[in-house]
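The values are calculated or read from the model by the stated rules, or taken from the named source; none is laboratory data. In this text, all values refer to a predicted model and were calculated from it rather than measured experimentally. Positions of Cβ are backbone-derived with ideal geometry, glycine not excepted, and every protein chain shown enters the neighbour counts.
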There are 2 protein chains.
Amino acid sequence: MFGVTILGNNSALPAYERHPTSQVVTLDEHLFLIDCGEGTQMQLSRYKIRRGRINHIFISHLHGDHYFGLPGLITTLGLMNRENDLHLYAPAALKQILDLQFSISDTKLPFELYFHSLETEGVIADNAKFSIECFKVYHRIECWGFIVREKKKPRKIDKEKIINYDIPATFYERLKSGEDYTTKTGEVIRSEDVTIPAPPPRSYAFCADTMYDERIVEKLKDITLLYHETTYLKDLEERAASRYHSTTIQAAKIAQLAHAKNLLIGHFSSKYETLDEFLVEASEIFPHTQLALEGCTYLL
Amino acid sequence: MFGVTILGNNSALPAYERHPTSQVVTLDEHLFLIDCGEGTQMQLSRYKIRRGRINHIFISHLHGDHYFGLPGLITTLGLMNRENDLHLYAPAALKQILDLQFSISDTKLPFELYFHSLETEGVIADNAKFSIECFKVYHRIECWGFIVREKKKPRKIDKEKIINYDIPATFYERLKSGEDYTTKTGEVIRSEDVTIPAPPPRSYAFCADTMYDERIVEKLKDITLLYHETTYLKDLEERAASRYHSTTIQAAKIAQLAHAKNLLIGHFSSKYETLDEFLVEASEIFPHTQLALEGCTYLL
């Protein structure tokens, strides 16, 4: 399972029961929280997402609607007697804020909180199953996007074909990694004849808050699911630019230029009570578009 | 109208759709916000309370469940282009936190934010209609309670009696303030014979988070409505003391000692899914007790 669950899809001013930005990316047993607007911990409860399983939190920038829920979530994890390490990736100044708040409240966390400052583009977390990169986007203050990539999986044994050969099961793992098998008689059985290639690795990109800027496209090439903000409809392109935000058309163009497979749009201005027009406008340019709706999970 | 509307009645860990502490006291056209846990701005929207009319905010202490909603609320008031002054009364260190957050996010508020540090007990806000006092309560860190008092109102004209006398209407205001009227023939008409005394001024006390401590009683004498926390039921008296919190019985005893007219209990631990037992236990000692329920307004 690889998917993203939307906890908040609204821009700074909460409205119409929509919340500020927060998303949970699930990659099998790993949960990644991206941004943490006010109320995120309540949204996690509402949608039955187990807070305790989040080990990595990514904060794109330090406008309040992207992190004001973080001190509360961290405090709650402490009150729940969490023991696992928690890794936080964010602009450096967030550490000052948290240190000050926790020192004033005399809060001692029962777990290790590792703070990773975002400073240069590239891989910030990596293991056998996934890698996570950060990249610069273009907003009024320092702001980062994130890409979650699953690692290429090994080939799978083709059960229908392998029964035709006498290969010991102990060799299966090596076949799956591409190695050929040589029988006692010297016959070579090629890995590709008895295995099926794994599907290409999937990837999710979160472009945070950003104005339209084609410099981000090269980071997003062939992304499986691209989240791009669309604070405004297309008629407010000037207002979007003046506030370092994007429109429907601009988000769709980025998806098109990046050859993304699918586009997810969010960060809707509180000007708009209904959202249908966002989907209509973006889909005209990029048909594989979906609205980021709170409580919904979008599979990759 | 003098009443308090509960926005959050839970202790630190949000649970069962209950929110961290926040209350709005309404005294005619004045709205006072007391504490501002995470999600307060959404609760204000949910219960249709006009954020823009709040000119005074009081923060009891700097545990996150009493103020993590404040930076978001202030940011939102700014985005709504508020122009009126906002007065904030809180422990001094809150100013450091807000200054740091707003400087990092490059937030410029379009209104004046006056920060008043809580340092000594006594009156902190005062005008013709109300006065507000702060007093010390006893929690793990510096913590303050607040009392909102309406001012004594003038006497009212007794319409049935005043028609028996020839008193010019221009003198009515002076009669209401207690002055007697002397007719041209030298007859003295006493104010109290043609006016009705105003009801005694009402008062609301918010005791924040506190352990049982009778030192607060003298501040609370004859209070109309007393809010006292009851984080735990009576069987957890030891746990309550170790965490600087109170039980049902302790809240009720304070109300009894203070000769309060009514008691409102809240700040329920997330241990408890249902709250009926809180009411049962407190009412045994102090019958005029009510549970602080979110969205409900308690009139004085």
- Positions within segment B:117-141 being surrounded by 15 or more Cβ atoms within 10 Å (Cβ to Cβ), in contact with a helix residue (DSSP H, G or I) (Cβ under 9 Å, 6 or more places away or on another chain) and not β-branched (Val, Ile, Thr), in sequence order: B:133, B:135, B:136, B:138
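Of all the helices (runs of 4 or more DSSP H) wholly in segment B:183-295, which have at least 1 residues that are not assigned by TED's automatic domain parsing to the domain that holds residue B:40? Walk me through it before giving the result.
Working: elements: B:191-194, B:237-242, B:248-257, B:276-285.
Of the helices (runs of 4 or more DSSP H) lying wholly inside segment B:183-295, those with at least 1 residues that are not assigned by TED's automatic domain parsing to the domain that holds residue B:40 span B:191-194.
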- Task: Return the residue satisfying two criteria in turn: it lies in segment A:83-104 and is part of a loop (DSSP other than H, G, I, E, B) and closer than 15 Å to residue B:100 by Cβ, and of such residues it is nearest to the other protein chains (Cβ to nearest Cβ).
- Result: A:91
- Just checking, how many residues over segment A:102-118 are closer than 19 Å to residue A:134 by Cβ and among the polar types (S, T, N, Q)? 1
- Message: Anything in segment B:87-108 that is touching a Gly at 6+ places or on another chain (Cβ under 9 Å) and surrounded by fewer than 15 Cβ atoms within 10 Å (Cβ to Cβ)? List them, or say none.
- Response: B:108
- Query: Which one of A:8, A:69 is under 24 Å from residue B:78 (Cα atoms) and either modelled with pLDDT under 95 or facing another protein chain (nearest Cβ under 9 Å) (or both)?
  - Reply: A:69
- Task: Of the conditions (1) among the hydrophobic types (A, V, I, L, M, F, W, C); (2) at the interface with chain B (Cβ under 10 Å from one of its Cβ atoms); (3) within 19 Å of residue A:2 (Cβ to Cβ), residue A:80 clears all except one; give me its number.
- Result: (3)
- So residue B:3 fits all but one of (1) crowded, with 20+ Cβ neighbours inside 10 Å; (2) in a strand (DSSP E or B); (3) not polar (S, T, N, Q); what number is the exception? (1)
- Please state which one of B:157, B:196, B:147, B:189 is surrounded by 13 or more Cβ atoms within 10 Å (Cβ to Cβ) and more than 23 Å from residue B:28 (Cβ to Cβ). B:189
- Query: For residue A:116, are the conditions met, namely being away from chain B (no Cβ under 11 Å) and touching a His at 6+ places or on another chain (Cβ under 7 Å)?
  - Reply: yes
- For segment A:35-66, enumerate the residues that are away from chain B (no Cβ under 11 Å), touching a residue at least 40 places away in the same chain (Cβ under 8 Å) and not charged (D, E, K, R). A:47, A:49, A:56, A:58, A:60
- Item | Extreme residue, surrounded by the fewest Cβ atoms within 10 Å (Cβ to Cβ), among residues of segment A:257-277 that are closer than 25 Å to residue A:203 by Cβ and free of Cβ contacts under 8 Å to residues at least 40 places away in the same chain | A:259
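Evaluate segment B:115-123: report whether one residue or more is among the aromatic types (Phe, Trp, Tyr) and either touching a residue at least 40 places away in the same chain (Cβ under 8 Å) or over 19 Å from residue B:35 (Cα atoms) (or both).
Within segment B:115-123, the subset among the aromatic types (Phe, Trp, Tyr) is B:115.
Subsequent filtering for residues that are either touching a residue at least 40 places away in the same chain (Cβ under 8 Å) or over 19 Å from residue B:35 (Cα atoms) (or both) retains none.
No; the residues of segment B:115-123 include none that is among the aromatic types (Phe, Trp, Tyr) and either touching a residue at least 40 places away in the same chain (Cβ under 8 Å) or over 19 Å from residue B:35 (Cα atoms) (or both).
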- Query: Which one of these is touching a residue at least 12 places away in the same chain (Cβ under 8 Å) and over 30 Å from residue A:48 (Cα atoms): A:244, A:227?
  - Reply: A:244
- Item | Options B:83, B:17: the member that is surrounded by fewer than 23 Cβ atoms within 10 Å (Cβ to Cβ), farther than 28 Å from residue A:75 by Cα, acidic (Asp, Glu) and over 14 Å from the mean Cα position of the chain (by Cα) | B:83
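If we keep just the residues of segment A:199-221 that are at pLDDT 95 or above and closer than 24 Å to residue A:155 by Cβ, which is surrounded by the fewest Cβ atoms within 10 Å (Cβ to Cβ)? Steps first, answer last, please.
First, the residues of segment A:199-221 that are at pLDDT 95 or above: A:201-221.
Next cut, closer than 24 Å to residue A:155 by Cβ only: A:201-204.
On the way: A:201: 15, A:202: 17, A:203: 23, A:204: 27.
Filtering segment A:199-221 for residues that are at pLDDT 95 or above and closer than 24 Å to residue A:155 by Cβ, the one surrounded by the fewest Cβ atoms within 10 Å (Cβ to Cβ) comes out as A:201.
Which of the residues that make up segment B:20-34 are over 16 Å from residue A:38 (Cα atoms) and either facing chain A (nearest Cβ under 10 Å) or buried (at least 22 other Cβ atoms within 10 Å of the Cβ) (or both)?
Looking only at segment B:20-34, we keep the residues that are over 16 Å from residue A:38 (Cα atoms), and these are B:23-34.
Passing the criteria: B:23, B:24, B:25, B:32, B:33, B:34.
Do we find that residue B:254 is within 17 Å of residue B:35 (Cβ to Cβ) and free of Cβ contacts under 8 Å to residues at least 60 places away in the same chain in this structure?
Against the criterion (within 17 Å of residue B:35 (Cβ to Cβ) and free of Cβ contacts under 8 Å to residues at least 60 places away in the same chain), residue B:254 does not qualify.
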- Message: From the list A:248, A:274, A:195, exactly one residue is in contact with a Ser or Thr (Cβ under 7 Å, 6 or more places away or on another chain) and among the polar types (S, T, N, Q). Which is it?
- Response: A:248
